[in-house]
Amino acid sequence: MAANVDAANGPTIIDGNATSATMRAELAGHVQALQEEHGVVPGLAVVLVGARTDSATYVRMKKKAAAEIGLHSIDVDLEDTVSQEDLLMEVEK
């Protein structure tokens, strides 16, 4: 937990989990509105180069969060030997 200090009222405890849940609910509402009003499904695209476990874990967590609020996700996994040209072609898709 992080604490902010308000000179007049003292420290304020911030609940990160509650803040995150509130933000995700708000974002889910925006995603739903885009879908209903414009027929648009926003998304998250990830290009992961190499086989680093920590990077794969981070991406998996972000994809889970994206799915929870209704985002479409696309992921591309490339070997760490990929050429810059091939990598840029994937990014530009």
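Return the long-range amide H neighbours of Asp75 (sequence gap of 5 or more, or a different chain), with a cut-off of under 5 Å between placed amide H atoms.
Val46
Show me the helices of the chain, taken as full DSSP H stretches, that run 18 Å or more along their long axis by Cα and average -1.0 or above in Kyte-Doolittle hydropathy.
Span-like helices here: 16-38, 53-68.
When the chain is treated as a GNM, springs tying every alpha-carbon pair under 10 Å, which of Arg52, Arg24, Arg60 comes out with the largest mean-square fluctuation?
Greatest mean-square fluctuation among the candidates belongs to Arg52.
Run the numbers on the chain and let me know its relative contact order in percent, using alpha-carbon pairs under 8 Å that are six or more apart.
Relative contact order for the chain comes out at 25 percent.
Can you send over the carbon and sulfur percentage of the accessible area for the chain, probe radius 1.4 Å, protein chains only?
On the way: 4060 of 7310 Å².
Of all accessible area on the chain, carbon and sulfur atoms account for 55 percent.
For the chain, with every protein chain kept in place, what is the accessible area per residue (1.4 Å probe, Å²)?
Value returned for the chain: 79 Å² of accessible area per residue.
Over the chain, what is the percentage of antiparallel beta bridges among all DSSP beta bridges, to the nearest 5?
40
With +1 on each Lys and Arg Cβ and -1 on each Asp and Glu Cβ, how big is the dipole of region 1-87 about its Cα centre, in debye rounded to the nearest 20?
280
Candidates [x] 1.11; [y] 1.51; [z] 1.19; which is the computed Cα Rg over 2.2 N^0.38 Å?
Among [x] 1.11; [y] 1.51; [z] 1.19, the one derived from this structure is [y].
Based solely on its DSSP helices, what 222 nm [θ] is calculated for the chain when runs of n ≥ 4 H residues each add -39,500 (n - 2.57) and the sum is averaged over all residues, nearest 500 deg cm²/dmol?
Value at 222 nm, helices only, nearest 500: -17000 deg cm²/dmol.
Using a Gaussian network for the chain with springs between C-alpha atoms less than 10 Å apart, which of these wobbles most: Ala28, Ala56, Ala66?
Answer for the Gaussian network model of the chain: Ala56.
Mind telling me which of Ala45, Ala65, Ala18 comes out most flexible in a GNM of the chain, alpha-carbon contacts under 10 Å?
Of Ala45, Ala65, Ala18, the Gaussian network model singles out Ala18 as fluctuating most.
At a Cα cut-off below 20 Å, give the lysines reachable from Lys93, other chains included and same-chain residues fewer than 8 away excluded.
By straight Cα distance, Lys93 reaches Lys63.
The values are calculated or read from the model by the stated rules, or taken from the named source; none is laboratory data. Here the structure is a predicted model, which is why all the values come from computation and not from measurement. Don't worry about glycine lacking a Cβ; one is built from the backbone with ideal geometry, like all the others, and counts go over all protein chains shown. To get the accessible areas, we keep the full protein, side chains included, count just its heavy atoms, and leave off ligands, DNA and RNA. Shrake-Rupley method; radii C 1.70, N 1.55, O 1.52, S 1.80 Å.
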